[in-house]
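The structure appears below as structure tokens.
Read-outs: derived from the displayed coordinates by stated rules, not from any lab. Since the model is a prediction, treat every value here as computed from it, not as a measurement. Reconstructed Cβ throughout: ideal geometry from the backbone, glycine too, with neighbour counts over all protein chains shown.
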Amino acid sequence: MDRRQFLQGAGAVAASLAVFELAGCTGPAPLDRSSKNPPRGRGGTFNAPSPEDTAACQETLNGNGEFIFDVHTHHVMPSGPWVQNAPETVGLILDMLPAGCSDDPRLDCVDRATYLHDLFLASDTTMTMLTDVPNSGPLTAPVPYSDALSTQKLTAGLTGGGASRLLVQNVIAPNVGPIGATLDEMSSAVQSGPPAAFKVYTAWSPTAQGFSLEDPTIGLPTVQHAHDLGVKVFVAHKGLPLVQFDPAFNHPEDIVAISRRFPDMDFVIYHAAWQPSHIEGPYDPTASVGIDSLLAALDRHNVPPNDNIWVDLATAWRQLLTQPTQAAHALGKVLSRVGQNRVMWGTDAIWFGSPQPQIMAMRAFQITAEFQDLYHYPALTDELKAAIFGLNAARLFGVDPTETRCGLTKDPLTANIEESAQLRGDGALPSAWTPHGPTTRRQVLNWLGSPATTWMPS
């Protein structure tokens with residue numbers, strides 16, 4: 001095997017995981033500015049073979065045919081009106097693109113074609129949910145809802161018998177403009193879609209003025225209208241501050257509170273309220289940010305595990321997998337408190353390129369027996385990982401995993417996986433392993449603190 005093939009295969013992932021584990025065991029603990037319970041002991045480990053044993057690496061890291069449903073994915077429409085109308089959003093995305101992005105325009109590096117390649121040809125992902133970054137409507141959205149439906153239609157046309165492989169969300173901003181206009185937009189989406197969920201960024205607006213889902217003039221009417229339209233999944237981005245964010249409304253308190261008013265709906269908290277400036281340790285009920293803030297809200301509102309609050313792992317897992325002890329705490333806490341049936345797989349692809357390295361890392365990751373005993377975290381069994389990877393999301397969105405996989409076995413995308421992998425190995429196609437965004441903790445913090453994002457970690 002030559003160097004290019006090694007760097008694009010399971011052996012390279014195994015080598016990286018070995019480095020992460022070594023650093024997690026021996027590296028000095030960074031200063032925690034917000035957690036009162038810093039991590040202690042060895043919390044996470046990667047059960048990966050020696051990188052030199054290519055066959056063993058492939059057997060361990062390439063999985064056993066899991067149903068993988070990525071509930072948090074992105075692409076952009078490079079020639080859309082948002083490029084002129086939303087310069088802050090353009091800056092946000094361009095700032096994420098790697099120096100190696102040579103497309104012209106550079107936004108082509110994260111377009112629809114790249115999305116289909118990175119998710120369905122260069123990873124083991126079975127299904128996806130397409131979402132969008134903060135925006136106030138079609139003129140400022142990198143992927144307007146009509147274009148998201150077009151991506152869904154295109155993807156369905158590439159699958160056997162039109163099997164469902166991609167679901168879409170409708171991103172709304174009820175705090176921008178008249179609330180009636182947002183409600184009309186929601187009704188129109190249901191008539192043309194319908195969406196699998198509505199999504200809000202409660203901390204965002206063009207003027208950095210957020211809103212609460214409990215606000216009787218904005219939040220409550222929005223959730224009520226989603227309920228009345230029959231869209232019973234409601235998503236909110238919490239944590240991970242972005243451009244034009246109001247930190248006062250980035251806390252998960254409101255979505256947890258409102259879940260008590262709508263027991264027949266399901267509420268998904270993207271990123272599990274994780275923040276890169278907060279080091280994840282044992283549960284601290286006094287923490288005002290991070291996963292702990294979500295768990296504290298669940299306690300305050302008496303939400304039991306496996307109720308109608310769900311989380312995904314997008315970006316949080318990608319960043320924390322390089323720090324196994326923090327990863328163990330983050331996963332252990334959400335699995336124990338939110339519930340083992342309520343944690344879903346999300347990657348924020350394609351900002352980070354193909355999610356395959358993230359998938360392989362999860363396959364190899366284990367919470368140590370020490371942390372299981374000390375903090376009552378669950379063991380990451382194959383059954384639990386299968387639930388995280390896709391079975392939980394399939395239950396939420398009414399997808400039959402067996403029927404879906406059977407419908408995809410002979411579709412053109414699946415048929416071209418091996419050929420595209422060979423072309424990448426020969427250098428005829430660019431590597432799918434090149435991230436499209438910041439990958440290390442330092443890079444994420446620098447990105448969030450750049451002029452394009454106008455946010456600085458406290």
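How long is the gain from Thr381 to Gln58 if the chain were fully straight, where each residue apart is worth 0.36 nm and the alpha carbon distance is subtracted? Don't jump to the answer; show the numbers that get you there.
Values: separation 323, 0.36 × 323 = 116.28 nm, distance 1.90 nm.
Gain on stretching Thr381 to Gln58: 114.4 nm.
Among Arg106, Arg405, Arg165, rank each residue by its count of other Cβ atoms within 10 Å, from fewest to most, as a rough exposure measure. Please report the intermediate quantities before stating the final value.
Values: Arg106 14, Arg405 17, Arg165 25.
In increasing order of surrounding Cβ atoms, one gets Arg106, Arg405, Arg165.
Output the pairs from Lys199/Lys333; Lys153/Lys333; Lys153/Lys238 with a Cα-Cα distance over 27 Å in this structure; if there are none, say none. Each step should come with its number before you reach the end.
Numbers: Lys199/Lys333 24 Å; Lys153/Lys333 38 Å; Lys153/Lys238 29 Å.
Those over the limit are Lys153/Lys333; Lys153/Lys238.
What length, rounded to one decimal in nm, is gained on full extension from Ala113 through to Gln84, with 0.36 nm per residue of separation minus their alpha-carbon distance? Walk me through the numbers on the way to the answer.
Details: separation 29, 0.36 × 29 = 10.44 nm, distance 2.19 nm.
Taking 0.36 nm per residue and subtracting the Cα distance, the gain is 8.3 nm.
Listed highest first by mean packing, meaning other Cβ atoms within 10 Å per residue, what order do 314-321, 249-256 come in? Before the final figure, lay out the partial values.
Numbers: 314-321: 25.4, 249-256: 22.9.
Per-residue Cβ counts within 10 Å, averaged per peptide and sorted highest first, yield 314-321, 249-256.
Using a Förster radius of 25 Å, what is the FRET efficiency between Leu94 and Ser150 based on their Cβ-Cβ separation? Nearest 0.05, please. Numbers along the way, then the final one.
Numbers: r = 23 Å, r/R0 = 0.94.
Computed FRET efficiency for Leu94 and Ser150 comes out at 0.60.
Please give, to one decimal in nm, the separation of the simple spin-label points placed at Asp373 and Gln209, each 7 Å out from Cα toward the Cβ.
5.6
If one computes the Cα centroid of segment 172-208 and of segment 242-260, what distance in Å separates the two points?
Spelled out, the Cα-based centre of one part sits 16 Å from the other.
Amide H of Gly346 versus every other amide H placed in the peptide plane: which residues, excluding those fewer than 5 positions away on the same chain, fall under 5 Å?
Here the answer is Val71, Leu313, Ala314, since their amide H atoms fall under 5 Å of that of Gly346.
Once you place label points 7 Å from the Cα toward the Cβ at Arg260 and Asp228, how far apart are they in nm?
Each label point lies 7 Å from its Cα, and together they span 2.5 nm.
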